[in-house]
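Have a look at the structure below, then the notes.
The values are calculated or read from the model by the stated rules, or taken from the named source; none is laboratory data. Computed from a predicted model, the values in this text were never measured in an experiment. Neighbour counts run over all protein chains shown; Cβ positions are idealised from the backbone, glycine included.
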Amino acid sequence: MSDMDANHDDNTDLESVGAETDGSNSIVLEGDSDGTAIPPAIVEKKGAGLGRRLAGLLAAALGLAGCVLSFALLAMSVRVAFSASDEADTAAEPLKSAVARLETRIDQADDLIGRDGVSDSELSELRARVDGLADTAAAADQSFAAIEKHLIYRWLPVNTDELGTRLEQFSSDAAEVAALVSSGDEVTADAASAAGELLNSMQTAVSSVDGPIDSTVDSMIIWIRLTGLGGFLLSLWSLWAQASLMKRGWRGLSGQPV
């Protein structure tokens, strides 16, 4: 087939869809009085350009929102890292206060118990002191449980087994002392002796519980700071990624190659 025949067939196809050619492979829309030719490449670029701009707008918006969130995470991470000591001390303060009160209660109850038992005049006071001792031991145990169940602190890999065991022992010993002195109209010499031994044991234990508490607080501080550092690095990576996305989106919105 000759070139002339091929051109004739092309023109016939264009005429069948309501367009005509000017001999230079450009499209002339039917009814256009001045015969303006629109190259097909321009028509395609207009459609592609609109899609590119819409995609760029979406990418730029998502990148901007991501940058804002990354800045917020960055600020939070820095705050957490620098306030780690305050956060740990605040969490442990109720426990420290409860242990201090527990030590006072133990001393007060022990002062009322003699080798020969408890006098009738001091029996009611002793029972009140022992009830307060049991309540304070339970409060210390609850303060420790609050730290273990905290939304954030419970995920920290801090070893609290030793501290938890000692606090549970305080509660058990306090309940046993209360059982020895709270039954009957008097406290026998044997009951008073057993209660005194338990109180002496509690005095020794409570004086050494500060070490496990301080160790727990130090571990919390370390892990809070490490968590803050991890959040800081993650926020920097996220900020870089979101800024890159926003930049590419802006280039697409401007009609530039991304």
**Q.** Which listed residue, of 140, 100, 92, 81, is farther than 20 Å from residue 182 by Cβ, out of contact with any Leu (no Cβ under 9 Å at 6 or more places or on another chain) and crowded, with 17+ Cβ neighbours inside 10 Å
**A.** 92
Q. Restricting the search to region 63-84, which residues are within 13 Å of residue 227 (Cα to Cα) and not charged (D, E, K, R)?
A. 73, 74, 76, 77, 78, 80, 81, 82, 83, 84
Q) Inside region 50-64, can you point out the residues that are out of contact with any Gly (no Cβ under 8 Å at 6 or more places or on another chain) and farther than 16 Å from residue 241 by Cα? A) 50, 51, 54
**Q.** Count - residues of region 148-205 that are closer than 20 Å to residue 127 by Cβ and not in a helix (DSSP H, G or I)
**A.** 7
Q) Does region 103-110 include one or more residues that are free of Cβ contacts under 8 Å to residues at least 12 places away in the same chain, part of a helix (DSSP H, G or I) and of a type in the set (D, E, K, R)? A) no
Q. On the given criteria, is residue 174 among the aliphatic types (A, V, I, L, M) and at pLDDT below 85?
A. no
(Q) Quick check on region 59-76. Is at least one of its residues buried (at least 19 other Cβ atoms within 10 Å of the Cβ) and within 24 Å of the chain's Cα centre (by Cα)? (A) yes
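Out of curiosity, is residue 141 in a helix (DSSP H, G or I), within 15 Å of residue 105 (Cβ to Cβ) and at pLDDT 90 or above?
It is false that residue 141 is in a helix (DSSP H, G or I), within 15 Å of residue 105 (Cβ to Cβ) and at pLDDT 90 or above.
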Q: Scan region 209-258 for residues that are under 22 Å from residue 158 (Cβ atoms) and of a type in the set (S, T, N, Q) and jot them down.
A: 215, 216, 219, 227
Q: Determine which member of the set 199, 253, 245, 239 is touching a residue at least 12 places away in the same chain (Cβ under 8 Å) and touching a Ser or Thr at 6+ places or on another chain (Cβ under 6 Å).
A: 239
**Q.** Answer from 88, 128, 98 - the residue that is out of contact with any helix residue (DSSP H, G or I) (no Cβ under 9 Å at 6 or more places or on another chain) and assigned to a helix (DSSP H, G or I)
**A.** 128
